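The values are calculated or read from the model by the stated rules, or taken from the named source; none is laboratory data. On a predicted model such as this, the values are computed, not experimentally measured, just so you know. Every residue, glycine as well, gets a Cβ built from its backbone with ideal geometry; the counts of neighbours run over all protein chains shown. All accessible areas refer to the heavy atoms of the entire protein, side chains included, with ligands and DNA or RNA removed. Shrake-Rupley method; radii C 1.70, N 1.55, O 1.52, S 1.80 Å.
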Amino acid sequence: MASGQSLVPTILFLLCLVSTAVSHSIIQLVSGDRKIRIDDDIYCESWRFSVETNDAGYWSTIPARCERFVQDYMTGERYPSDSEIVGEDSLAFAKTVEIAGDGRDVWVFDIDETLLSNLPYYEAHGFGAETFEETSFNSWVDLAEAPALAPSLSLYKELQQLGFKIFLLTGRDEKQRNVTEKNLLYAGFTKWESLILRGPSDEGKPAIVYKSEKRSELEDEGYRIHGSSGDQWSDLLGFAVARRSFKLPNPMYYIS
């Protein structure tokens, strides 16, 4: 009995050591007073999965604990790799389409974060951690300096060689037509069939409604929409949808 009692202080001491070690492994101090748990990467990867599958629904800014995760994703190797896989899947489907040769076989592309990358803008605005500010973003658009998303540029050119007509359907305003065309040409995109932007009658419409209506107009004109590419689910869902829709990654913002 005495020997058992003598073990109690030792056991309590060991438990304290384990508790202290675990607490230090779960929480790490970083710059300032902010604390980051080592499971943040796991949480943020799951959060990104929820966003990309549209399970998250509407959201306005990225979680505070995921700021570094999104930055690392967007500026590292994973974002271009994910985008490249989407491009490869898109092209694999496109090659199965029988092109009629009548100029009515169509692929629809969104522009921002689909053809053009606004990463230089979002690098200066927290990669989605800041609430979207339209005035500053429009000032960036006016520069017409957004680079091409390389896998999308490659897909774009491959589709043209296969015989697809390319339609560009963007939520940008009609007033931005000139700078948008300038930026597209600067980034290497040429010979699109039509660039569709929001006109006065489209103001205030949710993106999913506006883009569905424009696709419906294309179908009414006799076009066959085989494929559609966009970084938002609102680019792809709704009505008059493509035979196959391809979602590019974008954990920085959400448009309904």
With +1 at each Lys and Arg Cβ and -1 at each Asp and Glu Cβ, the charge dipole magnitude of the chain around its Cα centre, to the nearest 20 debye, comes out at 300
Candidates 55, 110, 231; GNM for the chain (alpha-carbon contacts under 10 Å) flags as most fluctuating 55
From DSSP H assignment alone, runs of 4+ in the chain each adding -39500 (n - 2.57), the sum over residues rounded to the nearest 500 puts [θ] at 222 nm at -14500 deg cm²/dmol
Percent of all Cα-Cα pairs per 5 Å bin for the chain, counting from 0 up to the last occupied bin, reads 1, 5, 11, 15, 16, 14, 10, 6, 4, 3, 3, 2, 2, 2, 2, 1, 1, 0, 0, 0
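DSSP loop trypsin sites (Lys or Arg not before Pro) in the stretch 158-235 with at most 15 other Cβ atoms within 10 Å of their Cβ, which ones?
Details: sites: 165, 172, 175, 177, 182, 191, 198, 211, 214, 215, 224; in loops: 191.
When the trypsin sites (Lys or Arg not before Pro) of the stretch 158-235 are filtered for loop state and at most 15 Cβ neighbours within 10 Å, 191 remain.
Tell me the chymotrypsin sites (Phe, Trp or Tyr not before Pro) within the stretch 33-110 that lie in a loop according to DSSP and have at most 16 other beta-carbon atoms within 10 Å.
Counting only loop positions with at most 16 other Cβ atoms within 10 Å, the chymotrypsin sites (Phe, Trp or Tyr not before Pro) in the stretch 33-110 are 58, 59.
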Looking only at lysines whose Cα falls under 28 Å of residue 95's and that sit 8 or more positions away or on another chain, we get 157, 165, 191, 211, 214, 247
Here the gain from full extension of residue 61 to residue 132, 0.36 nm per residue of separation minus their alpha-carbon distance, amounts to 24.7 nm
Residue separation between residue 45 and residue 239 times 0.36 nm, minus their alpha-carbon distance, gives in nm 66.8 nm
Most packed first (mean Cβ within 10 Å per residue), the peptides 61-67, 248-254 order as 248-254, 61-67
With DSSP loop assignment and no more than 10 other C-beta atoms within 10 Å, the GluC sites (Glu not before Pro) in the stretch 78-141 are 98, 133
Excluding ligands, DNA and RNA, the carbon-plus-sulfur percentage of the accessible area of the chain with a 1.4 Å probe reads 55
Residue ranges of DSSP H helices in the chain that stretch 30 Å or more (Cα, own long axis) and have mean Kyte-Doolittle hydropathy of at least 0.5 are 2-26
